[in-house]
Amino acid sequence: MVRLHKRLLQQKWQNCNYLMSSSSGEQSISSWARILLAHGPSFLASLALFFLMAMTFADVVLRSVFNDPIESATELTRLLMAIIVFSSLPIVSWNGKHIVIDLLDHYFSKAMSRVRNIFVDGICGIILIWPSYRVWELAERAKSYGDTTEYLEIPQFYVAYFIAIATMITSGTLIVRSAFWIFSPSKLEEQTLHA
């Protein structure tokens with residue numbers, strides 16, 4: 001297992017080095033765009049998580065030592081948690097890393113597992129269109145009302161738009177994943193084996 005993980009990390013590193021060392025400008029731009037699309041959401045979630053960790057540490061120290069907590073810590077925690085969850089959601093969905101209960105998996109043949117995966121990914125992708133649309137409407141309403149957070153007065157529609165867009169991307173990701181199960185299941189099975 002450790003060898004497999006090490007080999008996968010080496011392959012990813014070689015791919016990144018290959019993409020970054022391309023000589024033509026157009027290929028370089030598309031390589032950087034590909035890297036940004038592949039790793040940008042993870043980087044954003046990582047930054048938000050680090051900031052959340054540092055803020056929580058500072059809040060605990062300030063509360064315990066000086067009896068003066070960070071007043072806006074609660075609203076920042078809410079905003080940062082939304083950024084962490086919804087920036088990670090498309091990647092988790094594409095990689096099939098959601099928490100699953102596999103009590104009945106051994107009853108499914110390989111072909112039936114594919115059919116199940118086609119329906120589960122497709123239906124989940126289609127269902128996610130509605131919440132993304134509703135959150136977009138809520139963002140529009142928050143923007144028109146001028147809703148802001150309590151202490152820092154950050155406009156709430158920014159995060160709501162982010163959630164709506166990330167949910168729509170996740171919806172598209174699941175629909176594409178369902179299509180992959182139909183037309184190229186070997187790629188997803190390979191991805192599952194390497195995970």
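Here are the numbers for this structure:
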| read-out | value |
| --- | --- |
| Residues of segment 134-160 that turn out to be over 26 Å from the mean Cα position of the chain (by Cα) and of a type in the set (V, I, T), as a count | 0 |
| Selection count, segment 74-118, where residues are more than 22 Å from S184 (Cα to Cα) and touching a Lys or Arg at 6+ places or on another chain (Cβ under 9 Å) | 0 |
| Single residue of M55, M20, M81 found to be aliphatic (A, V, I, L, M) and at pLDDT below 85 | M20 |
| Residue that is surrounded by the fewest Cβ atoms within 10 Å (Cβ to Cβ) [pool: residues in segment 150-171 that are in contact (Cβ under 8 Å) with a residue 60 or more places away in the chain and under 22 Å from P131 (Cβ atoms)] | F162 |
| Which listed residue, of I101, I123, I91, is in contact with a helix residue (DSSP H, G or I) (Cβ under 8 Å, 6 or more places away or on another chain) and either surrounded by fewer than 16 Cβ atoms within 10 Å (Cβ to Cβ) or closer than 13 Å to T173 by Cα (or both) | I91 |
| Every residue from segment 105-114 that is part of a helix (DSSP H, G or I) and either aromatic (F, W, Y) or loosely packed, with under 14 Cβ neighbours inside 10 Å (or both) | D105, H106, Y107, K110, A111, M112 |
| Residue within segment 178-188 that is under 30 Å from L47 (Cα atoms) and of a type outside the set (S, T, Y) present | yes |
| Tally of residues being outside any loop (DSSP other than H, G, I, E, B), of a type outside the set (A, V, I, L, M, F, W, C) and over 14 Å from R114 (Cβ atoms) across segment 151-194 | 9 |
| Residue within segment 120-137 that is under 30 Å from A54 (Cα atoms) and out of contact with any Cys (no Cβ under 8 Å at 6 or more places or on another chain) present | yes |
| Residue in segment 67-74 that is assigned to a helix (DSSP H, G or I), surrounded by 15 or more Cβ atoms within 10 Å (Cβ to Cβ) and free of Cβ contacts under 8 Å to residues at least 40 places away in the same chain present | yes |
| Residue selected from segment 84-104 under the condition modelled with pLDDT of 90 or more and either small (G, A, S) or in a loop (DSSP other than H, G, I, E, B) (or both), by the criterion farthest from the chain's Cα centre (by Cα) | S93 |
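The values are calculated or read from the model by the stated rules, or taken from the named source; none is laboratory data. All values reported here derive from a predicted model rather than from experimental measurement. All Cβ positions, glycine included, derive from the backbone under ideal geometry; neighbour counts span all protein chains shown.
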